Every structure is written in C-alpha cells, then in structure tokens.
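Beneath this line is the structure, given in structure tokens, with notes to follow.
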C-alpha cells in the first residue's frame with residue numbers, strides 16, 4: 001500500500017553532553033553532529049527502508065536541499081515536495097551519556113502548509129493508500145478531514161504532543177500511534193494501564209499502537225490487544241527509535257502481516273536503531289532486520305495476546 005507522509009523536514013543539530021543543560025547553566029558539549037531529521041523525514045525513510053512505496057509531502061525551506069537528497073537516496077518519492085524561501089525547520093538535540101535525548105524544535109517551513117497545497121497533493125496521490133501524519137506541521141486536522149473525504153486510511157503519530165492534538169478529529173483515524181506520555185494526555189488519565197481502556201471506549205473504531213520505551217509496546221486492533229517486550233541491547237542514541245518503530249510497524253500491517261509479526265518486526269528494527277548515532281541514518285534496512293530475526297541475534301521475544 002502507498003503511503004503519503006505529510007511530514008516535517010528538519011536539520012538536526014545534535015550535541016553530545018554529560019547531562020541535559022539545567023536552567024541558568026552554561027555547559028560545553030563533547031561533540032556536534034549535523035544530521036537530517038524531523039519526525040516526518042525519519043518516518044518516511046523508515047517506511048521506505050521497510051519496503052513501502054512512500055511519497056513525502058512538505059515545503060522545503062532555504063538551506064534544506066540536503067533533506068530532499070536524503071529522502072531520495074533512501075527510496076522516498078519527493079515529487080510532491082514544494083519550495084519556499086523561508087528557513088527550513090531545525091532541531092537542537094542533546095544526547096546524554098545514557099543515550100537519552102531532549103529536543104528543541106523550530107518549525108520553519110514545516111508550519112507553512114496551505115490548504116491549496118494540501119488539496120493539490122492529495123489529488124495527485126489519489127484515493128488509495130494511507131496518509132501518515134505527525135504533529136510537527138500545521139493544518140494536521142484539516143489534512144485528516146480531507147484524506148477521510150477521499151477514502152484514504154489515516155495514521156497519526158501524536159508527537160510532539162500539545163493541546164492542538166486534542167482538537168484534531170481523532171475519530172477519523174485508522175491508527176493512533178502514541179507513547180505512554182502522549183497517551184495519558186490524550187486519554188486524560190494518570191496511569192499507563194488506564195490509557196488503552198479510556199481510548200478504546202472513546203474511539204471504538206480506532207486502532208492504537210502504544211509504545212512504552214524499555215517496557216515494549218501494546219497494540220489494540222479489531223477488539224484484540226497484543227503486548228511485546230523489548231530486547232536487551234546497548235543504547236547509543238534513542239533519537240529515531242520511535243520513528244523506526246512506527247515505519248516498520250505500518251509496513252507490517254499494510255502488507256498483510258499479523259499484529260504479532262508487525263510488532264516483532266518493529267521492535268527488532270528499533271533495537272537496531274538505538275545502537276547507532278543519528279536520526280534517519282540510524283534507521284536499519286529491512287535486510288538487516290530480517291537477518292536479526294532469522295538468526296535470533298538479539299534473542300527471542302514473545303508477543304502475548306492479553307485481551
């Protein structure tokens with residue numbers, strides 16, 4: 001199935017630090033890396049590396065030519081990307097000694113999508129496939145409404161989470177992809193175990209992928225709930241782990257794999273991603289993931305049906 005990703009394009013300025021900068025603190029970093037990133041770009045590349053036919057939709061800003069090149073070299077169709085003279089989006093990312101990160105975003109041209117551009121892009125894409133969205137662009141709710149009118153499937157990764165997400169027509173989604181923090185905010189609950197019951201009751205037809213970091217992931221689909229743990233591997237950089245998980249999971253469910261198979265594929269891909277520095281460059285190829293699974297190099301995981 002084709003994927004149309006209305007997704008952010010960012011230049012990532014990644015700083016190696018001993019710890020995250022505290023209020024009032026001035027600190028020297030141990031290294032600087034400039035990478036291609038943005039949740040949109042990362043997910044397009046992950047979905048393409050997994051084997052999907054992916055079209056990326058965005059406005060490319062000044063200084064962002066390398067971002068289009070990165071998409072193209074990873075098999076993403078960039079023919080629907082528009083051009084603007086404004087600055088492209090960028091992110092300032094701190095990565096600490098444990099591989100954890102914190103991210104400051106500047107939207108740039110990611111926040112300048114127009115209704116005219118959205119209509120034209122959807123018309124060119126056609127009425128078959130899935131529209132993938134994140135919360136790093138503007139007009140996300142409008143894209144959902146227009147995609148739904150055309151009979152397209154819709155998946156939203158509700159990150160970065162803010163109050164705008166609560167105003168989106170979430171009932172139109174086929175897939176909601178959230179981590180435990182985002183899930184609790186959307187559900188309006190305080191405990192991880194309350195997320196799925198609340199969301200299932202509120203959005204009965206929506207399928208949900210809930211990622212839980214080192215605790216694995218839970219998926220609700222067609223009245224059934226599945227849970228998977230995670231591999232015990234060295235953590236170098238978690239920057240694109242969630243995007244990798246989403247891209248590979250969507251490949252699975254869009255291409256006839258079971259929920260269990262899709263969860264195992266996504267978990268293995270993200271385990272490979274956290275072992276490398278960078279964002280899009282850390283996303284593994286499908287061949288690498290399949291080899292890990294075949295040889296059981298990370299060990300074995302069991303997908304448990306819990307409902």
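Residue check: is residue 207 closer than 23 Å to residue 152 by Cβ and either buried (at least 16 other Cβ atoms within 10 Å of the Cβ) or without any contact (Cβ under 8 Å) to a residue 40 or more places away in the chain (or both)? Write out each step before concluding.
Values: closer than 23 Å to residue 152 by Cβ: yes; either buried (at least 16 other Cβ atoms within 10 Å of the Cβ) or without any contact (Cβ under 8 Å) to a residue 40 or more places away in the chain (or both): yes.
Yes, satisfied.
May I ask you to say which residue of 239, 268 is buried (at least 22 other Cβ atoms within 10 Å of the Cβ) and in a loop (DSSP other than H, G, I, E, B)? It would help to see each step written out before you state the result.
Working: 268 fails: in a loop (DSSP other than H, G, I, E, B).
Within the list 239, 268, the selection yields 239.
A residue that is under 18 Å from residue 38 (Cβ atoms), out of contact with any helix residue (DSSP H, G or I) (no Cβ under 8 Å at 6 or more places or on another chain) and without any contact (Cβ under 8 Å) to a residue 60 or more places away in the chain occurs nowhere in segment 87-95.
Looking at segment 278-288, is at least one residue touching a residue at least 24 places away in the same chain (Cβ under 8 Å), farther than 18 Å from residue 42 by Cα and assigned to a loop (DSSP other than H, G, I, E, B)?
Looking for residues that are touching a residue at least 24 places away in the same chain (Cβ under 8 Å), farther than 18 Å from residue 42 by Cα and assigned to a loop (DSSP other than H, G, I, E, B), one finds none in segment 278-288, hence no.
Here the condition is being in a helix (DSSP H, G or I) and either farther than 20 Å from residue 46 by Cβ or touching a helix residue (DSSP H, G or I) at 6+ places or on another chain (Cβ under 9 Å) (or both); of 199, 176, it holds for 199 alone. All of 183, 167 fail the test of being modelled with pLDDT of 95 or more and surrounded by fewer than 14 Cβ atoms within 10 Å (Cβ to Cβ), apart from 167. Contact annotation: no residue pair with Cβ atoms under 8 Å, 6 or more positions apart or on different chains, pairs a residue in segment 19-47 that is on the phi > 0 side of the Ramachandran plot and free of Cβ contacts under 8 Å to residues at least 40 places away in the same chain with a partner that is part of a loop (DSSP other than H, G, I, E, B) and surrounded by fewer than 13 Cβ atoms within 10 Å (Cβ to Cβ).
Being under 20 Å from residue 12 (Cα atoms), assigned to a loop (DSSP other than H, G, I, E, B) and out of contact with any helix residue (DSSP H, G or I) (no Cβ under 7 Å at 6 or more places or on another chain) narrows it down to one of 299, 275, so name that one.
Values: 299 fails: under 20 Å from residue 12 (Cα atoms).
Going through 299, 275 in turn, the sole match is 275.
Selection of segment 49-71 for residues being surrounded by fewer than 19 Cβ atoms within 10 Å (Cβ to Cβ) and more than 19 Å from residue 131 (Cα to Cα) yields 62, 63, 65, 66, 69. Please determine, by comparing only the residues of segment 210-223 that are modelled with pLDDT under 95 and more than 14 Å from residue 274 (Cβ to Cβ), which one is surrounded by the most Cβ atoms within 10 Å (Cβ to Cβ). Top of the filtered list is 212.
Screening residue 237 with (1) within 27 Å of residue 74 (Cα to Cα); (2) at pLDDT 90 or above; (3) in contact with a helix residue (DSSP H, G or I) (Cβ under 7 Å, 6 or more places away or on another chain) gives one miss only, at (2).
Condition check for residue 137 on (1) within 15 Å of residue 246 (Cα to Cα); (2) within 15 Å of the chain's Cα centre (by Cα); (3) crowded, with 19+ Cβ neighbours inside 10 Å: one failure, at (1).
The values are calculated or read from the model by the stated rules, or taken from the named source; none is laboratory data. Just so it is clear, the structure is predicted and the values come from calculations on it, not from any experiment. All Cβ positions, glycine included, derive from the backbone under ideal geometry; neighbour counts span all protein chains shown.
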